[in-house]
């Protein structure tokens, strides 16, 4: 009998302990939907944050599943940093519902959407699934424009200060340092990228819109006949008739066959650009990411 | 405030009126002017279209996500579907094969949204053909809490039980054209009922640890045919899941349930004049499931999934015929499972293999019999007499998903029932109109 009571007392205290356990870590738990936001949160949060990235650079953010691990991670998060604009529509709402963490639900201070901080391009005039995988809110691939990234970073820095007032001065100092470094890098990229202005590119998927907006590159066409629909021979043949572009731009996730086919027909060089931090060797942080992008575009022109 | 939008509409309409006027005076306009006007007009039309699109989005922003799932296909069986019975396992609920030939299968209309800051709601209406008539039923209609503290969540209404792995998912999200035999035999296809679910997600971030309890009123198979009180069925489950490295993910679940069965009608031979066997008593239901998924490069992936279900039933079975009635003491043990693997060999193509089986070990003891027939013959008519080898089946599947919203599937299966083999072919389409579905693990 005594052992029975002991067992129950143990179970009760263990249960209550788990239920009431404050998330013991002093660090702010950050759940980043994509590697770029993990990198940004780490830059801006430093030692005050513990960052988890829900996806890695080798995964297509459109096709993520609501895995058990994501539910467990979001359950523990104080802040989620995602792209928004429908990029994570296939999995994030489900993970949010299953994780039952009111701190990071849309509308709460712990919910941060990068796309909500900037003007979006490519807002479709009509919404029809026959036009492919469209995002009604606009093109969500906002990362690759340093001007927009700075806006996003500024808002995220403020959010960190709001969520972690005790360390607000540290967050502010890190933001100041980041901004100075970023401005300096941006000036460098502007100088380097002068030869890129007015050039013309054919892309695989419509994820370079913001990059081209920044660099003044004209997007001639996409290898995907419609967003998310793989290239067809008919479509590629039509592209081969167009005036030759300066590049055929693909990400490491795209099947490069179509790009090489077009390149062989037209002579336009294929250039593989990292779509996020860590997608290619050398693109290990946000500054290096843009260094790699600019260098790769310049290299291909030679 | 009320005049705000009206004013906006008037100002927007004003320049349109002017352009319309300009367009109506072609004789006055010089040819060059006409071309410029047309250009101007096309641009205004384009702007208007964009404005309308933007406005329709604004109007719809608070509306629920609505999606309509259409399913249909073609099915062919070597053995006529009505001649195939699984010994000891009379089918109940919605269980059974797809209609032979070309047919519309189940269609579903789902609406879901956050109700407010506290609740999420979802309803799914199912449409299907039954005996030549189109039936509409409320498959699911539930509300769920969004913001309870400490990882607690409550769902209430009608919903599919979280028992096992497949049961909580709608049929259009299944990887094969039909339910595993064990789901058909033990759960009536899929178990959903009116009730309450409480779950708790442990505050552990390295693995998912979730425990849950469900209470149902017992209105659906395998519970009784009569409405019971909430609590006629209770189920508990534990779910664990996580990642191994960045490529592999897994999930394990164990579920157990106790069911008060009150006059459940199911199966039996329908080529006789009788009201079918009716079972009252207790049942327990247990399930274990395991899923392993591996992401490979270039949009390829691999899934291994298995489930085992066990049901134990004790009580009385009544059979009423024109000539009299019979009652049996009934003690049944039934189980079954499936193991399946899927290989997504290209981003849009998947191939799969499934092996499934089901079996019964039932004891029937005649307690009374006024039908005038021998006890064994009457027992046979309950459909609960188990004999021979366990029915089993293997299936090969190939599907193609041109987009997130459509899928075409070809499935070939060979079933062994009573030493007879049955070739089964399914061609299936599944499409979704409207809101983007969730990528459930």
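We did not get these values from a lab; they are worked out from the coordinates using the rules stated. Since the model is a prediction, treat every value here as computed from it, not as a measurement. When we count neighbours, we look across all protein chains shown, and the Cβ atoms used for this are built from the backbone with ideal geometry, even at glycine.
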Quiz item: How much length is gained if the chain between residue B:118 and residue B:154 is pulled fully straight, taking 0.36 nm per residue apart and subtracting their Cα-Cα distance, in nm to one decimal?
Solution: 11.9 nm
Self-check item: Stokes-Einstein diffusion coefficient of segment A:77-116, Kirkwood radius over Cα pairs, 37 °C, 0.692 mPa s, in µm²/s
Solution: 325
Exercise. May I ask you to order B:386-395, A:85-94, B:309-318 by the average number of other C-beta atoms within 10 Å around their residues, highest value first?
Key: A:85-94, B:309-318, B:386-395
Quiz item: What list of whole percents do you get for P(r) of segment A:28-188, with Cα-Cα distances grouped in 10 Å bins up to the one holding the largest distance?
Solution: 11, 39, 35, 14, 2, 0
Exercise. Wrap a convex hull around the Cα atoms of chain A, take a quarter of its surface area, and give that in square nanometres.
Key: 19.3
Quiz item: Can you pull the semi-axes for segment B:148-297, root of five times each eigenvalue of the Cα gyration tensor, sorted largest first, whole Å?
Solution: 32, 20, 11
Quiz item: Among B:208-220, B:105-117, what's the highest-first ranking by average C-beta atoms within 10 angstrom per residue?
Solution: B:208-220, B:105-117
Quiz item: Can you give the Kirkwood hydrodynamic radius for segment A:193-301, in Å, rounded to one decimal and based on Cα pairs?
Solution: 13.9
Quiz prompt | Simple spin-label estimate for residue B:385 and residue B:373 in nanometres, 7 Å along Cα-Cβ | solution = 1.0
Practice problem: Could you work out the mean count of beta carbons from other protein chains within 10 Å of each residue's beta carbon in B:244-254? | Solution: 2
Quiz item: Computed over the Cα atoms of the protein assembly as shown, what is the ratio Rg over Rh, Rh following Kirkwood?
Solution: 1.03
Quiz item: Any idea how far apart residue B:408 and residue A:194 come out in nm if each label point goes 7 Å out from Cα toward Cβ?
Solution: 5.5
Quiz item: Between residue A:180 and residue B:284, what is the label-to-label distance in nm when each label sits 7 Å out along the Cα-to-Cβ direction?
Solution: 7.0
Quiz item: Over segment A:193-301, what is the relative contact order in whole percent, taking alpha-carbon pairs under 8 Å and six or more residues apart?
Solution: 23
Self-check item: Average other protein chain Cβ within 10 Å of Cβ, residues A:123-133
Solution: 4
Self-check item: Gain on full stretching of the segment that runs from residue A:238 to residue A:218 - 0.36 nm per residue minus C-alpha separation
Solution: 5.4 nm
Self-check item: Residues of segment B:172-201 with amide N under 18 Å of a point placed 7 Å along Cα→Cβ from residue B:361
Solution: B:186
